[in-house]
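The values are calculated or read from the model by the stated rules, or taken from the named source; none is laboratory data. Predicted model only: the values in this text are computed from it and were never measured. Cβ placement follows ideal geometry from the backbone for every residue including glycine, while neighbour counts extend to all protein chains displayed.
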Amino acid sequence: MVQTTQILSKYLLEEFYACTQLRYSGKLAIRSSNQEYWSFYYRFGRIIWATGGMHPSRRWYRQMTQYCPYFDISTIKIRAADLALEHWDYQSIIALHRRDKLDSKQVEYIAENVIQEILFDLAQQQQLNQLTSIRDSQIILDLPITFTSTNLFIKRVETHIRDWNNAGFGNCSPDLAPTIQEHLNLQKIVSPAVYKNFTTFINGTYTLRDLSVLLKQDITRITTSLIPHISQGLIQLSKIPDLPLPGTVTINRTVPKKTQTLDGPLIACIDDSSQVCQILEQIIVSNGMRFLKIQDPIQALAKIIEYKPDLILLDLIMPVVHGYEICSQIRRISEFIDTPVIILTGSEGLFDRVRAKVVGSTDFLTKPIVADKIITMVKRHLPKYFAEEIPKIETKMSESSEFNIQNTSITKCD
């Protein structure tokens, strides 16, 4: 059983609070020794979203069922561009909010519930001293959807963990699914009504967290009702796979080569940073476009002439050759006079913007890299490729949901 005083290690608490004090914006990625991962997204020192855990897709379905019961969830489809991102669930919620399908309060409830659920999973780890964390300020979520302090999130999770442990569940994960092992023996000791509910819900299809939403009951109460049967071997808790991601679009992650013939535009990135190139590649390829990585600025012009990209993302500060010089060289070639060249820089100075225009750049984008800004910029300068784009999320209103079960209890006896 996890002790109350060991909810989070001193190392992680210091990391969380340091991000708050520094008003950090970016991703805090946490990894365990057995390759589990969790990511917390900060915006000006506050956690606004989190990802990771065993069942990201189940978690998304639970949130939509609980806080958006009027949606027919089966009709919601999410673009491949968003599904390719680690924070695809955030993107889907924001898309619904921007289309006025979710109000601000619903979005806030979902965000807070997701963050607390992932903090709970993190706190349940038995080997906290083997967790490591890395900050990545290149990935920033634009829209803050909750303003709850990190300290309050941690206090709530401490209370939840304490209640969970006091109920005798210890390190039993709420992501485990109960399944009946001894039907005949179970049928002998419970009423027909309870047994009927058991066979309906305790069938290895739903996790404890799923059941909490399905039955509209507190998860601790549900688990407490199952513990006697679990201890007798009548019911067993086991791991089950995650649900399929919403949407059915296949994502093409192939890096384009000269010999490939793809319909999407070819986007070139000239940047000596492998991390920046990796982030941009994920964003570009996941949106159905081709990507050309050029990390050696000396070879940039030759690669541009060879591959003839439709748009060029050009870092301003690089060793040996400056971004201004490369842009100027590109514009001297008649074939690339009209090719969009977007300058990437960490500076927002007016002088840099003016100079970038003088050497022939098309536009100017400040770092850190944000997926939405990159895609918006590409669409702005290559409109012909996006004229028939499918909307981000398609939804249909429904009076009921398949998970909307009224007045159901798995412990009630008639």
In the range 189-211, the residues that are closer than 20 Å to P56 by Cα, free of Cβ contacts under 8 Å to residues at least 40 places away in the same chain and part of a helix (DSSP H, G or I): L208
Elements of type helices (runs of 4 or more DSSP H) in the range 1-113, at least 3 residues being in contact with a helix residue (DSSP H, G or I) (Cβ under 9 Å, 6 or more places away or on another chain), hydroxyl-bearing (S, T, Y) and surrounded by fewer than 20 Cβ atoms within 10 Å (Cβ to Cβ): 10-21, 56-67
Meets criteria (in contact (Cβ under 8 Å) with a residue 40 or more places away in the chain and on the phi < 0 side of the Ramachandran plot) for L186: yes
Only one of Q6, Q35 that is out of contact with any Gly (no Cβ under 6 Å at 6 or more places or on another chain), under 30 Å from P246 (Cα atoms) and at pLDDT below 90: Q35
Residues satisfying the stated conditions in the range 114-166, i.e. polar (S, T, N, Q), surrounded by 14 or more Cβ atoms within 10 Å (Cβ to Cβ) and closer than 20 Å to L208 by Cβ: Q116, Q124, Q125, N165
Top-ranked residue in the range 371-407 [being within 29 Å of F71 (Cβ to Cβ), β-branched (V, I, T) and at pLDDT 80 or above; ranked as surrounded by the fewest Cβ atoms within 10 Å (Cβ to Cβ)]: T376
Which numbered condition S133 fails, given (1) under 30 Å from K373 (Cα atoms); (2) at pLDDT 90 or above; (3) polar (S, T, N, Q): (2)
Unique residue being of a type in the set (D, E, K, R) and outside the structural domain of T223 (by TED's automatic domain parsing) when the list is R162, R209: R162
Among the candidates D338, D296, D310, residue that is within 20 Å of L266 (Cα to Cα), acidic (D, E) and free of Cβ contacts under 8 Å to residues at least 12 places away in the same chain: D338
Residue, modelled with the highest pLDDT, within the range 167-180, restricted to residues that are crowded, with 16+ Cβ neighbours inside 10 Å and more than 28 Å from the chain's Cα centre (by Cα): I180
